[in-house]
Structures are given as C-alpha cells and as structure tokens.
2 protein chains.
Amino acid sequence: MNNKYMEYALKIASEYFYLKEVPVAAVIVKDEKIIASGYNNIESSNNATLHAEILAINEAHYIGDLQSKYLTGADIYITLEPCLMCAGALFLSRISNIYFGAYDYENGAFSKFEIEKKYNNPPNIYGGIMEEECSSLIKGFFKELRNGNK
Amino acid sequence: MNNKYMEYALKIASEYFYLKEVPVAAVIVKDEKIIASGYNNIESSNNATLHAEILAINEAHYIGDLQSKYLTGADIYITLEPCLMCAGALFLSRISNIYFGAYDYENGAFSKFEIEKKYNNPPNIYGGIMEEECSSLIKGFFKELRNGNK
C-alpha cells in the first residue's frame, strides 16, 4: 500500500469535480506502475453502470498489457468503497488488493452487504485510506448539488 | 414474462456454444421488443468481467434509444442466475424484472449471497425459467471441457 496512489486517485476526482458526476476515481497499480484509471462516468455516458472501477478494469485490459483475463498481482485504489457491481467485478478479476477511501454505509459491498464473508478467496480489502480527504470531496459535491451549483 | 425471450437467449447461447466460453446469454426486452443482447465474452476479450449481462446492458445504452441512464420498464432474460457483479449492475440500472434460467448455487447473487434482501427496491426476480434447457446447455459445455473438446 502506498498513499501516493490514493493521492493520484484524489487528484483525478478533483480534476473532474466540475462535471455533474459524483466525484469517485479509481487507479489500478501493478509492479509499482499505474496501469489504468477511471472516473465515475454515469451522467456523461447516460449509463448508470459506468462506475470508476469498471472503467479502470476495462482500461487495464485494453492498455495494461496484462496478457491475462485476470488482474492478479494488481491493486486498486478507489476514493469510495465499491458498490456490489464493482466489488463483484473486482472479485471476478482476481485483483490482489482493494484499497478504498471513504466508507459507503448505504451502498457499500462490504459495509452494507458483507459479500466478502461468503466469497471464496476474496482479495485483501482495506478501507479508510485517506478517508477524510476522500469523504470531503464527495460531501462537497452533494453540497454543491443541494445548492443548485451542479 | 414471455418464454419466447428465454428461448431467444437460449438460441444465442447455443449458437456460440462452439466458442470456449461458458454458454450464457442475456436478452433485454422493452415494450415487447428485444433492444439488446449479450453473450459471455471472457475468453474472447481476455477480460474476466465481460459477462453476457454487462454487454447487454451496455448495448441497450448504445443502441437501445433509451434516452435515460436507467433501464426502468425493461426486463432481462438470462440463461443463468447472475453473479454479484451482474446483479449489482442490473440493480443500478433499475431494470424492472430479472428472469433467469438455471440457478447458480455457488456464485449466484441471490441463491448464494441473497443481496436482494438488503437492497432497497430491488427489481422483481424470477428464477428457474426454462431451467432444464438452460442448465443442460451449461452442463454440456463443462462435459466437453472435461473431455478435452474445448
């Protein structure tokens, strides 16, 4: 684990803050290199399933030179706890470590659904990495939304 | 619910049986029209997350003329019970009805993980539609695989 990758995910999330997307970003790292990243893309694509993690996984396969259908040996840094879809995708991809920032007690695959408890050999999961920064960004977004600035 | 859509999904799954993919297909229906379909595409794409349902959802958004980020009012017919990722994607997409054929007691989002029980307003979920036909196709695939014919 290296905070610099979460800092990079936060940088992406901040850079796209001007969009009408909940600011969530994901970065996939392998052998100490960033091989892919993704930003929440629901509104821009008009597709409720295009979360940051899904785009990062697909990017890793397209440009990551993995030569495998799996992400074994890679880690993902996400500014928000993954939802069921994204955690399911990460488990299927056999990524080695999941590091996330803010907890999502309403929709989080781990905090709410505890899916890792019934899954055989889930990845290692670490929550609360740079939690305050990740959480602040999302709260800031919803504040702007409420104030009609989004 | 109309069996003809599951028959169509089975037809797709049968047509691509020659591939080295577990034969699972999905069809999305809206206003009695098939607006998208998908076939398991893991091996061909070298990406463990490209399940039939994900491809069908994305196709619905690309070509389905939905003009919405959601699939509300649409139904999906899948030859196999969806996994966590796919069920999560379908819940996010707010699809109205999920009809699936064979149960997946090892990986199924409902049979094993029971995610619908903790989810607010999940879609309607109906399993076991043309179960024997759907199940036979998958069993046939694994038989071929064991016999070295895949």
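Restrict the check to the range B:4-16 and report whether at least one residue is outside any helix (DSSP H, G or I), open to solvent by 40 Å² or more (accessible area, probe 1.4 Å), more than 13 Å from every other protein chain (Cβ to nearest Cβ) and modelled with pLDDT under 95.
For the range B:4-16, residues outside any helix (DSSP H, G or I), open to solvent by 40 Å² or more (accessible area, probe 1.4 Å), more than 13 Å from every other protein chain (Cβ to nearest Cβ) and modelled with pLDDT under 95: present.
Condition (residue is surrounded by 24 or more Cβ atoms within 10 Å (Cβ to Cβ) and not basic (Lys, Arg)) applied to the range B:30-37: is it met by at least one residue?
no
Residue by residue through the range A:95-150, note down the ones that are more than 14 Å from chain B (Cβ to nearest Cβ) and over 28 Å from A:Lys4 (Cβ atoms).
The answer is A:Leu145, A:Arg146, A:Asn147, A:Gly148, A:Asn149, A:Lys150.
Residues in the range A:61-84: is at least one at pLDDT 95 or above, under 15 Å from the mean Cα position of the chain (by Cα) and open to solvent by 40 Å² or more (accessible area, probe 1.4 Å)?
no
Among the residues of the range A:58-94, count how many are in contact with a strand residue (DSSP E or B) (Cβ under 9 Å, 6 or more places away or on another chain), part of a helix (DSSP H, G or I) and of a type outside the set (Phe, Trp, Tyr).
Counting residues in the range A:58-94 that are in contact with a strand residue (DSSP E or B) (Cβ under 9 Å, 6 or more places away or on another chain), part of a helix (DSSP H, G or I) and of a type outside the set (Phe, Trp, Tyr) gives 8.
Between residues in the range B:104-124 that are over 15 Å from B:Ile138 (Cβ atoms) and residues that are part of a loop (DSSP other than H, G, I, E, B) and hydroxyl-bearing (Ser, Thr, Tyr), which pairs lie under 7 Å by C-beta distance while being six or more apart or on different chains?
That search, which allows pairs on different chains as well, returns B:Lys112/B:Tyr105; B:Pro123/B:Ser96; B:Asn124/B:Ser96.
Pick from the range B:95-109 the residues that are of a type outside the set (Gly, Ala, Ser) and either in contact with a helix residue (DSSP H, G or I) (Cβ under 6 Å, 6 or more places away or on another chain) or in a strand (DSSP E or B) (or both): which of them is farthest from B:Cys134 (Cα to Cα)?
Selected residue: B:Asn97.
The values are calculated or read from the model by the stated rules, or taken from the named source; none is laboratory data. Since the model is a prediction, treat every value here as computed from it, not as a measurement. Here Cβ is always computed from backbone atoms with ideal geometry, including for glycine, and neighbour counts include all displayed protein chains. Ligands, DNA and RNA are excluded from the accessible area calculation, which covers all protein heavy atoms including side chains. Shrake-Rupley method; radii C 1.70, N 1.55, O 1.52, S 1.80 Å.
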